[in-house]
1. Check off (1) modelled with pLDDT of 90 or more; (2) over 19 Å from the mean Cα position of the chain (by Cα) for B:Thr71 and give me the number that stays unchecked.
2. Please verify whether B:Tyr30 is more than 26 Å from A:Tyr195 (Cβ to Cβ) and in contact (Cβ under 8 Å) with a residue 24 or more places away in the chain, treating the condition exactly as stated.
3. So which of A:Thr338, A:Thr309, A:Thr318 is of a type outside the set (Asp, Glu) and either at pLDDT 85 or above or out of contact with any Leu (no Cβ under 8 Å at 6 or more places or on another chain) (or both)?
4. Within region A:160-168, does at least one residue satisfy the condition of being touching a residue at least 60 places away in the same chain (Cβ under 8 Å), over 30 Å from B:Ser131 (Cα atoms) and not in a strand (DSSP E or B)?
5. Out of region A:330-347, which residues are surrounded by fewer than 22 Cβ atoms within 10 Å (Cβ to Cβ), touching a Lys or Arg at 6+ places or on another chain (Cβ under 9 Å) and in a strand (DSSP E or B)?
6. Out of B:Gln12, B:Gln35, B:Gln106, B:Gln6, which single residue is under 20 Å from B:Lys119 (Cα atoms) and either part of a helix (DSSP H, G or I) or in contact (Cβ under 8 Å) with a residue 12 or more places away in the chain (or both)?
7. Just the residues that are touching a Lys or Arg at 6+ places or on another chain (Cβ under 9 Å), assigned to a strand (DSSP E or B), of a type in the set (S, T, N, Q) and under 22 Å from A:Ala332 (Cβ atoms), please, taken from region A:245-276.
8. Criterion first (among the β-branched types (Val, Ile, Thr), touching a residue at least 24 places away in the same chain (Cβ under 8 Å) and at the interface with chain A (Cβ under 10 Å from one of its Cβ atoms)) does B:Ile122 satisfy it?
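The values are calculated or read from the model by the stated rules, or taken from the named source; none is laboratory data. What you see is a predicted model, and the numbers here were worked out from it, not measured in a lab. Note that we place each Cβ from the backbone using ideal geometry, even for glycine, and neighbour counts take in every protein chain shown.
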Amino acid sequence: MNDLKKQMDQIDIPESLHQRSLQGIEQATKEQHKPLHWVPKVLTVAVTLATGGFVAFMVGEQHVDNDRASALMSQLDHLSSPIYWILAILCVCIILYISRKKLKVGADQKKTIGVAIVLILLIGNSTIFLQHQFIKPIVVPAAIEVTDSLLNALEVRYITNKDDHRYVKYLQAEDVQLPIVYDQTEQANLVNGFYYPLDTSQDLRYQNIRLAFFQLDLNTMKKVMASKTVYLVLNDGVKLPAPIHFTRETFIDENQIMNHSYSQSQNDSEQIISFTLQQDAVFDAFYVPATLEDKILLKEWRLNDQRYTASDFPFSVTKGQRLELTIQLKEAPLDINTSIGFSGPDGYLTKRVYSQAYFTSNLVEKVRENNE
Amino acid sequence: MSESKQQVKLLQWFAVALFFQFIYLNVFKYANLLQDILVYGAYLKSLSFYKEKTPISKYMACAMILALMSTFFSSHLLFYWSTVLIQGIKLLIIMEFGKILLSIEQKHDIQGSTTRVMKKYIAISFAVIISWTLVMNVTNDWQMGLLFLGALLLLAVNIRLFLHVLALRKHVKNKSFVVTYLQK
């Protein structure tokens with residue numbers, strides 16, 4: 001054994017060869033360690049940055065409280081979706097670049113490709129997700145007819161992002177401040193640790209449509225109606241303009257023809273109102289409040305199993321006869337709570353129609369466009 | 001402790017970690033943290049019987065940080081991201097363990113099925129992760145459906161791997177007994 005060692009030591013290795021072998025070893029160790037060291041780090045940093053960026057955008061949208069920031073946001077607002085896309089494309093480019101580098105270095109190919117695919121899918125989906133978020137909650141437009149009774153109930157709906165934990169605290173119209181009837185704390189809205197508001201009226205893909213109830217006496221109502229703009233105020237003080245159209249047409253109630261009535265909705269866009277008259281009457285027109293004339297259309301009415309349309313005005317109905325009115329509600333982001341029926345020389349034959357717009361993603365887009 | 005005994009212990013604790021992982025608890029707040037602590041604890045215990053270097057503990061730290069973040073900052077987007085990323089990291093951990101399993105198998109010259117089982121595990125887990133990246137842009141029913149289906153598939157592959165690990169453990173154990181018997 002020792003002899004062999006001695007012999008080995010005696011062998012003269014040329015200097016250049018020795019150096020080259022040393023270089024080779026060095027390079028080999030470098031190549032072995034290089035990918036392990038920096039690629040995962042860069043990848044982690046990129047992922048963290050991307051996540052942080054998206055979350056920052058997300059959180060930034062929610063908590064814009066002061067005026068300066070909201071002015072800034074409204075400027076960003078017009079750019080928002082291109083910005084998301086630019087950011088997303090940038091992230092995707094970074095990921096592609098890193099994974100190409102990593103593949104060249106010779107790391108685990110399948111793993112790198114898998115990570116890249118997942119990240120690109122996540123970023124793409126997040127961009128679509130962010131594009132559908134609202135900058136600010138939006139109040140659903142409503143047409144509401146006020147009665148002369150002492151207490152009026154007012155139901156207003158508003159659309160918020162699912163992430164948005166704010167809720168409407170009160171209604172404000174100039175100097176009137178009306179608190180919401182069912183004030184919910186955030187705690188009450190936690191279901192299984194996750195936020196789900198209990199007053200949700202419709203659960204959309206990216207937004208919740210929530211209900212706000214108010215009660216007002218006639219005097220307050222008059223003040224609210226007289227004020228130019230009505231706001232819903234959130235718990236953090238942000239004011240949302242509420243496009244609510246109030247009408248108060250007392251002459252309808254005063255000239256009401258005696259009847260029994262009920263209404264039922266046929267489908268999303270049609271409602272049938274049945275009247276049973278308690279006196280003879282003649283009608284010559286279809287009655288809807290002026291603001292809703294293009295939103296609610298007369299489809300037909302039925303008398304003695306005969307169908308009539310708008311060209312058959314005027315017509316007469318005798319006591320005890322049943323009259324069925326079918327109306328068509330145009331698809332619009334609008335909640336309706338008004339009287340609809342017929343009018344004629346003898347007075348009005350109306351029934352209060354209560355309809356909440358059913359929101360599809362199209363309609364949400366429409367509300368958003370109208371709001372901006 | 002002899003090498004075989006260490007390997008048996010390693011496999012045993014790995015099986016325990018897989019067992020804790022059977023039911024997907026991420027949809028319940030805080031429950032997932034408890035589960036993570038149990039699972040990662042078992043992983044660490046299992047790794048204490050393995051002398052070579054692996055990046056598993058780094059992965060576990062990342063997954064834990066993500067889980068904590070998504071628990072304490074309630075943002076939908078963060079929840080979706082962390083759901084996908086945590087599942088991805090968990091897959092990476094299992095892949096590392098797969099390498100260990102393979103090395104154990106080779107040491108004992110077992111004609112085992114680790115490669116086959118791992119291949120299926122990786123393919124199905126990857127499909128689930130891909131499907132979960134889509135969760136944020138679908139309706140509620142689809143969201144629930146995708147999460148439920150994914151959890152079910154993960155349960156299935158976890159059970160398969162669990163059974164495989166138990167079988168491997170039994171094999172290693174029996175073999176080590178044989179060795180000690182022969183030495184006597």
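1. (1)
2. Numbers: more than 26 Å from A:Tyr195 (Cβ to Cβ): no; in contact (Cβ under 8 Å) with a residue 24 or more places away in the chain: yes.
Criteria not met by B:Tyr30.
3. On the way: A:Thr309 fails: either at pLDDT 85 or above or out of contact with any Leu (no Cβ under 8 Å at 6 or more places or on another chain) (or both); A:Thr318 fails: either at pLDDT 85 or above or out of contact with any Leu (no Cβ under 8 Å at 6 or more places or on another chain) (or both).
None of the others qualify; the one that does is A:Thr338.
4. yes
5. A:Asp335, A:Asn337, A:Ser339 - these are the residues of region A:330-347 that are surrounded by fewer than 22 Cβ atoms within 10 Å (Cβ to Cβ), touching a Lys or Arg at 6+ places or on another chain (Cβ under 9 Å) and in a strand (DSSP E or B).
6. Numbers: B:Gln12 fails: under 20 Å from B:Lys119 (Cα atoms); B:Gln35 fails: under 20 Å from B:Lys119 (Cα atoms); B:Gln6 fails: under 20 Å from B:Lys119 (Cα atoms).
Matching residue, one of B:Gln12, B:Gln35, B:Gln106, B:Gln6: B:Gln106.
7. The one that is touching a Lys or Arg at 6+ places or on another chain (Cβ under 9 Å), assigned to a strand (DSSP E or B), of a type in the set (S, T, N, Q) and under 22 Å from A:Ala332 (Cβ atoms): A:Ser263.
8. On the way: among the β-branched types (Val, Ile, Thr): yes; touching a residue at least 24 places away in the same chain (Cβ under 8 Å): yes; at the interface with chain A (Cβ under 10 Å from one of its Cβ atoms): yes.
Judged against the criteria, B:Ile122 is a match.
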